[in-house]
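The values are calculated or read from the model by the stated rules, or taken from the named source; none is laboratory data. For clarity, every value in this text was computed on a predicted model and none was experimentally measured. Side chains are part of the model used for accessible areas, which takes the heavy atoms of the whole protein and leaves out ligands, DNA and RNA. Shrake-Rupley method; radii C 1.70, N 1.55, O 1.52, S 1.80 Å.
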Amino acid sequence: MVNWPTALAALKPLGCVAGGQTVLIHAAAGGTGQAAVKMARHYGATVIATASPGKHETVRALGADHVLDSRSADIAAEVLRLTGGTGADLVLESAGGDTFGASLAAAKRVTGRVVVYGVAGGDAAVTNWELVYKHQVQVIGLNLGVLIQAAPQIFGAVMGELFGLMAVGVLTPGQPTAYELADGPKALAELEARATIGKLALLP
């Protein structure tokens, strides 16, 4: 109920994804990332995804065209190489921290959009000087709860399109990794260590 609408809102009404564009999706093996990869491919975009090496095959199976190591210090350079030096048309930024700077550097100048909807890696700062002289990109913040309250018509359109994607099989029910309730601390530790894929479930 959160991952899919977040991914779709980031891609369509806020990110304005279109066929032939390039989308960089961080944390592509997570719940929101997986949905974003599937939907971006459905809309005809070339998908560059980031994930830790052990999750690359999972992300490729979702349809990503290129998968980069999320812990690499050269993400922006790799994106520029893959796009012939122009950068990504759209970046879905959920990592924060040091990755945020790489997202800004990987986006296409002037017309590139960076939709920020997560802070998993911690806070990151960007100054007005950087937006004028270093990263001339469009930075868009997304919080699903605020979107629902402040722009219910946009959220309604997102949900309508989401049900359409479900009806044609673009999005199908996922298979969460299940843990016994007593293993809750283990599940949280693995989540914190970024060792999980997709959604997690605790069995009562």
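Residues whose amide H falls under 5 Å from that of Leu68, counting only those 5 or more places apart or on a different chain, are Ala49, Thr50, Ala51, with hydrogens built in the peptide plane. Across Lys38, Lys134, the residue with the most accessible area heads the list, and the full order at a 1.4 Å probe is Lys134, Lys38.
Computed with every protein chain present, the accessible area of Arg41 is close to 100 Å² [probe 1.4 Å]. Remark: the range 14-19, residue by residue, has Karplus-estimated 3J(HN,Hα) of 8, x, 6, 5, 9, x Hz, where x stands for each Gly or Pro and the curve is 6.51 cos²θ - 1.76 cosθ + 1.60 at θ = phi - 60°. Using a Gaussian network model of the chain in which every pair of alpha carbons under 10 angstrom is joined by a spring, one finds that among Ala36, Ala125, Ala102 the greatest mean-square fluctuation is at Ala125. Would you look at the GNM of the chain, springs on alpha carbons closer than 10 Å, and say which of Pro53, Pro13, Pro173 moves the most? Of Pro53, Pro13, Pro173, the Gaussian network model singles out Pro173 as fluctuating most.
The apolar share of the surface of the chain, taken as the fraction of accessible area on carbon and sulfur atoms (1.4 Å probe, ligands and nucleic acids excluded), comes to 58 percent. Quick one: of Lys55/Lys108; Lys12/Lys186; Lys108/Lys186; Lys134/Lys186, which pairs are farther than 31 Å apart, Cα to Cα? Result: Lys12/Lys186; Lys108/Lys186; Lys134/Lys186 exceed 31 Å. Sorted largest first by accessible area at a 1.4 angstrom probe radius, with every protein chain in place, the residues His56, His42, His26 fall in the order His42, His56, His26.
GNM remark for the chain: springs join alpha carbons under 10 Å apart, and the peak mean-square fluctuation among Gln153, Gln136, Gln34 falls on Gln153. Rolling a 1.4 Å probe across the protein heavy atoms gives the chain an accessible surface of 50 Å² per residue.
In the assembled protein chains, Asp74 presents an accessible area of approximately 90 Å² (probe radius 1.4 Å).
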